[in-house]
Amino acid sequence: MTTDLRIHHSEQGFSPRYVREAAAAIAAAVAKLPQTAAAKFRQFEDAAFAAEAAAGAARAKRDEKLRPVAALRQAVAQSTTPHAANIELLAPELEHAEEVFRRFDAERIATGAAFSGIQRALEALPPNARFVAVESSAPKKADTLTGIRETVAGLKRDIAALESSAPTIEEQEATLRAAIAQRGEAGRPRMDRTGRLKITDGSNAMAAALAVACWLDPEAVLRRMVEDGALREGGTVPAGEKTAHLATLRAQLFEAEVLEEALIQRDGGSRRNDADPFAILGIRVEAGAKRRAA
């Protein structure tokens, strides 16, 4: 006889991490949220608990329908004159209960995931973080969730491509020169108290030889390393411009995600698993006064 795992199981219900692990930190962060963001946080919290309760109730109803079916199946399996028709009569009710439970459980998972993502983001903030409410304009009539998500995906691709782009040849050469100079300092000969010459990097013969070469003729080491292919194909965007461009792209991405959340509020729809929790709350995070001064 097999055991129906659907009625012989234990499930880990939704239990917010901030209650178990970081109640003080979460409470402090929520207390500093702008009024609209704090209200939205509470809405997510209430929705998560409501979804958990609804899924639990649907599970109980499903199990109530499941038990007689399971008992009948057991009787059929053990009987020499089974009456499988009894199971067929009860099966539609069970299937309906299963479908209701799956729907509520999917809502529980989605709502819990969104709330947990917001909690984790707040937990990760430094104590001196401060929040600024984002003033977002209402979405236009022509704006759609599909369209804005295409924009979000495009911006993420642009950011990833720029982040992974190679430094310019000049920057690579400067990095290589600095590395050779650093190794050369370790290979600079010094006389100890006994009158013997020593170098800092004397861990092994090969390391010592390289360090001395970098001190003795850094340009020759650089030239030979370049000849051996130490520099890869250079990028076209200098580091300073790359930093500024990334900041612009990230700002545009945040604005797009704020608009995405506004469209969800207006038209409905599910949130992406990787949606920015702060865009969902409608806040921008800034470092506190001490952090900015540093």
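The values are calculated or read from the model by the stated rules, or taken from the named source; none is laboratory data. Bear in mind that the values here come from a model prediction, so they are computed numbers and not experimental data. All Cβ positions, glycine included, derive from the backbone under ideal geometry; neighbour counts span all protein chains shown. Side chains are part of the model used for accessible areas, which takes the heavy atoms of the whole protein and leaves out ligands, DNA and RNA. Shrake-Rupley method; radii C 1.70, N 1.55, O 1.52, S 1.80 Å.
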TODO: At a 1.4 Å probe radius, which order do 236, 200 fall into by accessible area, largest first?
DONE: 236, 200
Task: Cα centre as origin, Lys/Arg/Asp/Glu Cβ charges: the range 231-285 dipole, Debye - done: 120
- [ ] With r as the distance between the Cβ atoms of residue 165 and residue 207 and R0 = 30 Å, compute the FRET efficiency 1/(1 + (r/R0)^6) and round to 0.05.
- [x] 0.40
Task: Simple Cβ-charge dipole of the range 152-202, Lys/Arg +1 and Asp/Glu -1, about Cα centre, in debye nearest 20 - done: 460
Task: Only Lys, Arg (+1) and Asp, Glu (-1) charged, at Cβ; the range 89-199 dipole about Cα centre in debye - done: 1100
Open item on the list: Two decimals, Cα atoms only, Kirkwood Rh: what is Rg/Rh over the range 175-291?
Closed with: 1.33
- [ ] Would you work out which of 113, 137, 167 lies farthest towards the positive end of the dipole of the range 108-245, given +1 charges on the beta-carbon of Lys and Arg and -1 on that of Asp and Glu, about the Cα centre?
- [x] 113
- [ ] Grab the Cα-Cα distance for residue 129 and residue 200, subtract it from 0.36 nm times how many residues apart they are, and report the gain in nm with one decimal.
- [x] 21.2 nm
